Amino acid sequence: MSRRAAIQARRIALQMIQTTLVCAPDKLRDPLRKMTRIQLIRTLAAWRPDLSAYREVDVAYRISPRFPARRYLELHDEVADLDRMIDAIVTDLAPELLERPCVGMNSAAQLLLAAGDNPERLKSGASFAALCGASPVPALGGETIHRIVSISASLREDDPPPAQPRRGPGGEQRPAHHRHRAPEN
């Protein structure tokens, strides 16, 4: 949860920086164009404009992105620290889970959080689905409503028909190597 909040706040700080730089004068913006994201952030955080000259446009545009850039760097370090802690905990508690295909560090951490202190309660996929709130819902009359299946079935009914190959001016199908060109007259 802390990691997710830090990533969200970091993204907001980056959006604030980008919004400010879009409006900045060209002479400030041009040297920043070819920088990578982290180079840009570090450059902006290192700017030391004269705070008493805040009424000048160039100085104001140097002051404005400096604070979100510093916040971005702090949040970047916080996310890295949290990742290291999560890695250590997951590696210690469930190394066999990390060896499974398609299970990364974040997925394994989520599974460990869902299992909690009593992993024996997750005897099957159905019990895990019930814990996550994704199990089928019993309806009146004893039938079971499978929400996911019924949603996908309704989508299939409303799907548009498959795309038709492009036709030439006379209605004939054009060869594959001509399909991406304009028809010749």
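Worth pointing out:
- The C-beta contact set for region 86-108 (first residue surrounded by 15 or more Cβ atoms within 10 Å (Cβ to Cβ), second residue outside any helix (DSSP H, G or I) and modelled with pLDDT under 85, distance under 7 angstrom, 6+ apart or interchain) comprises Leu97/Val103; Ala108/Ala94.
- Checking each residue in region 21-41 for being in a helix (DSSP H, G or I) and either acidic (Asp, Glu) or in contact with a helix residue (DSSP H, G or I) (Cβ under 7 Å, 6 or more places away or on another chain) (or both) picks out Leu21, Asp26, Leu28, Arg29, Asp30, Leu32, Leu40, Ile41.
- Boolean, Arg10 is outside any helix (DSSP H, G or I) and either touching a residue at least 24 places away in the same chain (Cβ under 8 Å) or not aliphatic (A, V, I, L, M) (or both): no
- Checking region 63-77 against the condition returns a match, with at least one residue being among the aliphatic types (A, V, I, L, M), on the phi < 0 side of the Ramachandran plot and touching a residue at least 60 places away in the same chain (Cβ under 8 Å).
- Scanning region 71-129 for residues that are in a loop (DSSP other than H, G, I, E, B) and β-branched (Val, Ile, Thr) yields a single hit, Val103.
- Filter result for Ile41 (surrounded by 17 or more Cβ atoms within 10 Å (Cβ to Cβ) and without any contact (Cβ under 8 Å) to a residue 40 or more places away in the chain): yes
- Check on Tyr72, modelled with pLDDT of 90 or more and aromatic (Phe, Trp, Tyr): yes
Matching residues to (1) modelled with pLDDT of 90 or more; (2) surrounded by fewer than 17 Cβ atoms within 10 Å (Cβ to Cβ):
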| position | (1), (2) |
| --- | --- |
| Gln15 | yes, yes |
| Pro25 | no, yes |
| Arg33 | no, yes |
| Ala45 | yes, no |
| Ser52 | no, yes |
| Ser64 | no, no |
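- Number of residues in region 42-57 that are touching a Lys or Arg at 6+ places or on another chain (Cβ under 9 Å) and of a type in the set (A, V, I, L, M): the value is 3.
The values are calculated or read from the model by the stated rules, or taken from the named source; none is laboratory data. What you see is a predicted model; the values in this text were computed from it and never measured. All Cβ positions, glycine included, derive from the backbone under ideal geometry; neighbour counts span all protein chains shown.
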